[in-house]
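The values are calculated or read from the model by the stated rules, or taken from the named source; none is laboratory data. In this text, all values refer to a predicted model and were calculated from it rather than measured experimentally. All Cβ positions, glycine included, derive from the backbone under ideal geometry; neighbour counts span all protein chains shown.
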Amino acid sequence: MDKADRTSGDAIINLSAEDVPIFRVLDFNFLLDIFKHRRLILRRPSKWDDPFENVLLKVKTILKSSGEEVGIRGVLDIFFGQCWSDNPQETDATWRIYSPNSNGVRIATTVSSLFDSIRLAPDRATSTNVFLGKVKYKTVEEIVDFIGYSQNATRVILSADGRAAAEWLLIKRTEFMHESEVRLLLRDPLQTVPQYEPQCVVSVDPFQLIHEIVFDPRIPEYRFDVYRDQLGMLGVNVPTRHSKLYSLPKLCIEIEG
């Protein structure tokens, strides 16, 4: 079910419920930045690591009638994105991939809280569109077939509100299915953010947006206490805990004797 029309062109895509919890793992210092500066930072698709996520930025598109090359980059590179996940399970792989320095936190919110935070951001340009969608995972063959079907590229180019382009940016290779990704997208058709800027900044109220903070299980207990105090000094009273993923239960073996 798609939710739309909170603002014309804004939409929640491929998500059946707006109260679904979603999660993001980030370095603790980035979390401090969110609370200190009350902002989220979104990056351009051209800066994403997986080349299949932004493959349309590299594809040559030709008009059959004239042979003229049509630039599709401008249609997609006016988007900015941020990755979340609807997988509530903590895993060793997640912490190691997204917290490589063992200094991470996992923040939690809901679909509606994140969507509304960006949709109602005080510094959001009126020309922009906001999309929040569940990623669809496809094989390389399916992605190549999609690109090869000219009507799909035409839809992306001609999409007045950017919905078709947003749906393309919600496609990812099956090799990444473990991420169970939910992607936040902001479309800036008037390019209020200069083209040379790799990211855009959106003001949010993190005290309303973030519902829980879980610290990396590899963070020593003393450092967890220090970090928690730092958040307290910023006025953060969000439920906070230290992951017990690597904690041993108290074990006792009684031996006959």
Which of the residues that make up region 151-187 are part of a helix (DSSP H, G or I) and among the β-branched types (Val, Ile, Thr)? Thr154, Val156, Ile157, Thr174
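Look through Phe207, Phe176, Phe215 and report the one residue that is loosely packed, with under 14 Cβ neighbours inside 10 Å, closer than 17 Å to Arg24 by Cβ and of a type in the set (Phe, Trp, Tyr).
The unique qualifying residue is Phe207.
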Any residue at all in region 203-216 that's in contact with a Lys or Arg (Cβ under 7 Å, 6 or more places away or on another chain) and modelled with pLDDT under 95? no
Within region 193-204, is even one residue out of contact with any helix residue (DSSP H, G or I) (no Cβ under 8 Å at 6 or more places or on another chain) and within 18 Å of Ile13 (Cβ to Cβ)? no
Residues of region 97-118 satisfying the condition of being β-branched (Val, Ile, Thr) and under 16 Å from Leu15 (Cβ atoms): Thr109, Thr110, Val111, Ile118
Whether any residue in region 73-92 is farther than 16 Å from Val193 by Cβ, in contact (Cβ under 8 Å) with a residue 24 or more places away in the chain and of a type in the set (A, V, I, L, M) is what I want to check. no
By residue number, the members of region 26-47 that are within 14 Å of the chain's Cα centre (by Cα) and outside any strand (DSSP E or B) are Arg44, Pro45, Lys47
Could you check region 196-222 and list, in sequence order, the residues that are farther than 16 Å from Tyr98 by Cβ and of a type in the set (D, E, K, R)? Glu197, Asp205, Glu212, Glu221
Expected output for region 227-243 (first residue within 14 Å of Leu209 (Cβ to Cβ), partner surrounded by 11 or more Cβ atoms within 10 Å (Cβ to Cβ) and aliphatic (A, V, I, L, M), Cβ below 6 Å, 6+ apart or cross-chain) is Val238/Ile210; Val238/Ile213
Looking only at region 104-133, count every residue that is touching a Lys or Arg at 6+ places or on another chain (Cβ under 8 Å) and more than 24 Å from Leu231 (Cβ to Cβ) and tell me the total. 8
Any residue in region 200-211 that is among the small types (Gly, Ala, Ser), in a helix (DSSP H, G or I) and more than 30 Å from Thr91 (Cβ to Cβ)? no
Which condition does Ile219 not pass, out of (1) in contact (Cβ under 8 Å) with a residue 60 or more places away in the chain; (2) β-branched (Val, Ile, Thr); (3) in contact with a Lys or Arg (Cβ under 9 Å, 6 or more places away or on another chain), if it passes all the others? (3)
Residue in region 158-169 that is nearest to Gly81 (Cα to Cα), counting only those that are surrounded by fewer than 21 Cβ atoms within 10 Å (Cβ to Cβ) and among the aliphatic types (A, V, I, L, M): Ala164
Step by step: first the residues of region 81-115, then only those that are at pLDDT below 95, among the hydroxyl-bearing types (Ser, Thr, Tyr) and in a helix (DSSP H, G or I), then the one that is surrounded by the most Cβ atoms within 10 Å (Cβ to Cβ). Which residue is that? Thr94
